[in-house]
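Novice: I have a structure I would like to understand better, so I am pasting it below and will then ask my questions one at a time.
The values are calculated or read from the model by the stated rules, or taken from the named source; none is laboratory data. Since the model is a prediction, treat every value here as computed from it, not as a measurement. Because the Cβ atoms are built from the backbone with ideal geometry, glycine has one as well, and the counts that use them run over all protein chains shown.
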Amino acid sequence: MSNFSPLIPANALPDGFFDRDAQQLAKDLLGKVIRHRVGDLWLSARIIETEAYYEAEKGSHASLGYTEKRKALFLDGGHIYMYYARGGDSLNFSAQGPGNAVLIKTGV
């Protein structure tokens, strides 16, 4: 009998993968595939571009300070922070250190 679960892809990244410096995490995420299950269908997108942000940078949402809405940016690496900007949703993963994150860009 297999340990395969249809709910979790066999090659899912471990939580500890995200507990690294934002710049290193941004590099290491390139080429990875994001998958999301909708019913019996898996949707996938390959990460083709990333941007690392640190709390002190003016371009970072974390630089605006902690709020309940931005809470994920201040949690351990791997938490998702999303916001709407420029006509679309922006996906970010928190990285090592409060307020540090990586913005994800994908190609289908």
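Novice: With respect to GLY77, is the statement that it is assigned to a loop (DSSP other than H, G, I, E, B) and touching a strand residue (DSSP E or B) at 6+ places or on another chain (Cβ under 8 Å) true?
Specialist: Here the answer is yes, as GLY77 does meet what is asked.
Novice: Something else: Does ALA56 satisfy the condition of being within 15 Å of ASN92 (Cβ to Cβ) and hydrophobic (A, V, I, L, M, F, W, C)?
Specialist: Judged against the criteria, ALA56 is not a match.
Novice: A follow-up question, please. Against the conditions (1) assigned to a strand (DSSP E or B); (2) modelled with pLDDT of 95 or more; (3) more than 15 Å from TYR83 (Cβ to Cβ); (4) not aromatic (Phe, Trp, Tyr), where does ARG35 fall short? Just the number, please.
Specialist: Against the list (1) assigned to a strand (DSSP E or B); (2) modelled with pLDDT of 95 or more; (3) more than 15 Å from TYR83 (Cβ to Cβ); (4) not aromatic (Phe, Trp, Tyr), ARG35 comes up short only on (2).
Novice: Kindly evaluate GLY88 against the criterion of being of a type outside the set (D, E, K, R) and modelled with pLDDT under 95.
Specialist: yes
Novice: Now, a different point. Can you tell me which condition PRO98 does not meet? The list is (1) in contact with a Leu (Cβ under 8 Å, 6 or more places away or on another chain); (2) exposed (fewer than 15 other Cβ atoms within 10 Å of the Cβ); (3) assigned to a strand (DSSP E or B), and all the others hold.
Specialist: Here PRO98 clears every test but (3).
Novice: Next question, about the same structure. Take the residues in segment 49-99 that are of a type in the set (Val, Ile, Thr) and without any contact (Cβ under 8 Å) to a residue 24 or more places away in the chain, then tell me which one is nearest to VAL33 (Cα to Cα).
Specialist: Filtering first and then ranking leaves ILE80.
Novice: Hey, another quick one. If you go through segment 70-89 one residue at a time, how many are in contact with a helix residue (DSSP H, G or I) (Cβ under 9 Å, 6 or more places away or on another chain) and either surrounded by fewer than 15 Cβ atoms within 10 Å (Cβ to Cβ) or aromatic (Phe, Trp, Tyr) (or both)?
Specialist: 5
Novice: While we're looking at this one, here's another question. Quick one: TRP42 ticks every box in (1) part of a strand (DSSP E or B); (2) in contact with a helix residue (DSSP H, G or I) (Cβ under 6 Å, 6 or more places away or on another chain) bar one, so which box is it?
Specialist: Result: TRP42 passes all but (2).
Novice: Among the listed residues ASP15, ASP28, identify the single one that is at negative phi, of a type in the set (Asp, Glu) and modelled with pLDDT of 95 or more.
Specialist: Result of the check over ASP15, ASP28: ASP28.
Novice: Please go through segment 82-108 and pick out each residue that is closer than 19 Å to SER44 by Cα and not hydrophobic (A, V, I, L, M, F, W, C).
Specialist: The answer is GLY88, ASP89, SER90, ASN92, LYS105, THR106, GLY107.
Novice: Of the numbered conditions (1) on the phi < 0 side of the Ramachandran plot; (2) free of Cβ contacts under 8 Å to residues at least 60 places away in the same chain, VAL102 fails exactly one; give the number of that condition.
Specialist: The number of the failed condition is (2).
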